[in-house]
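The values are calculated or read from the model by the stated rules, or taken from the named source; none is laboratory data. The structure displayed is predicted, hence computed values, not measured ones. We place every Cβ from the backbone using ideal geometry, glycine too, and count neighbours over all the protein chains shown. Just so you know, the surface numbers come from the protein's heavy atoms only, side chains and all, with ligands and any DNA or RNA stripped out. Shrake-Rupley method; radii C 1.70, N 1.55, O 1.52, S 1.80 Å.
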Amino acid sequence: HDWGGMVAWNVAANFSEMIKGLVTICSPHPLAYEEKQCFTLDQAKKSLYFLLFKQPWLPEVWLGHMEGKEIDSILRGKKMGVLRRNAITLEDSERIRASLARQGRLTAALNYYRSAMGHQSDIASKFVRKTCESVIQVPTLQMYADCDGAFCPSMFENSPYRACSHSSTQTLIKLENCSHWAQQDRPD
């Protein structure tokens, strides 16, 4: 899911001999970020939080204020949160917020965004480039949500990866009435 899916795309492209298949949920192929038909103006607006999360201390203050109210909004609010009632309960949110409130954890989570948009080593850059240029050689199931607060459907439906993949090995499924938190909204 999401960032975990990005890790999975990289593993599938660079170490396909180690896996039998790939399943991503709400995680577009890395090429989608480079293509105009995918990364539209609407997608750019949805991705603006990246610029906030890249800052050195501001996101920790924003996400941590009022006992993590913003984190609860991301999980359960109208803009980004689950659609299925109680798919993420207040108790679930409290556990997540308490975990992220522990010393260094929120910064560690945000560092993923910071490093993704930062300068990469030559080795990392080659690794990511291979991911973008590779046709995944294992069967791939890619699921995306129709009401995703983080990704527009164009990131999946218009992906150049779909055009260059072997159609028999790649399946794309749109999850209806589903938020970014697909595992909670549509566990079936």
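Label separation (residue 188 vs residue 62): 3.7 nm, computed from points 7 Å beyond Cα along the C-beta direction. Using a Gaussian network model of the chain in which every pair of alpha carbons under 10 angstrom is joined by a spring, one finds that among 37, 103, 55 the greatest mean-square fluctuation is at 103.
Between residue 176 and residue 55, the FRET efficiency from the beta-carbon distance, with R0 = 45 Å, is close to 0.80.
Considering only 56, 153, 139, the mean-square fluctuation computed in a Gaussian network model of the chain, springs between alpha carbons under 10 angstrom, is largest for 56. Accessible surface computed residue by residue for the chain, with neighbouring protein chains in place and a 1.4 Å probe, gives 58 Å² per residue.
Of the solvent-accessible surface of the range 1-113, computed with a 1.4 Å probe over protein heavy atoms with every protein chain present, carbon and sulfur atoms account for 60 percent.
Between the amide H of residue 141 and those of 22, 23, 24, 171, distances stay under 5 Å, these residues lying 5 or more places away or on another chain, with hydrogens modeled in the peptide plane. Sorted largest first, the spans of the alpha carbon positions of the chain along the three principal axes are 48, 39, 34 Å. Take the residue pairs 20/54; 45/78; 69/174; 20/130 and return only those whose Cα atoms are more than 24 Å apart. Where the Cα-Cα span goes over 24 Å, the pairs concerned are 20/54; 69/174. Helical runs (DSSP H, four residues minimum) scored at -39500 (n - 2.57) apiece and divided by the length of the chain put the mean residue ellipticity at 222 nm at -13500 deg cm²/dmol. Within the listed set 143, 66, 80, the residue fluctuating most in the Gaussian network model of the chain (springs between alpha-carbon atoms under 10 angstrom) is 66. Per-peptide packing, taken as the mean over residues of other Cβ atoms within 10 Å, places 25-36, 3-14 in the sequence 25-36, 3-14 from highest down.
Between residue 78 and residue 94, the simple label model (points 7 Å from Cα in the Cβ direction) yields a spacing of 2.6 nm.
Over the chain, what is the relative contact order in percent, taking alpha-carbon pairs closer than 8 angstrom and at least six residues apart? Relative contact order here is 35 percent.
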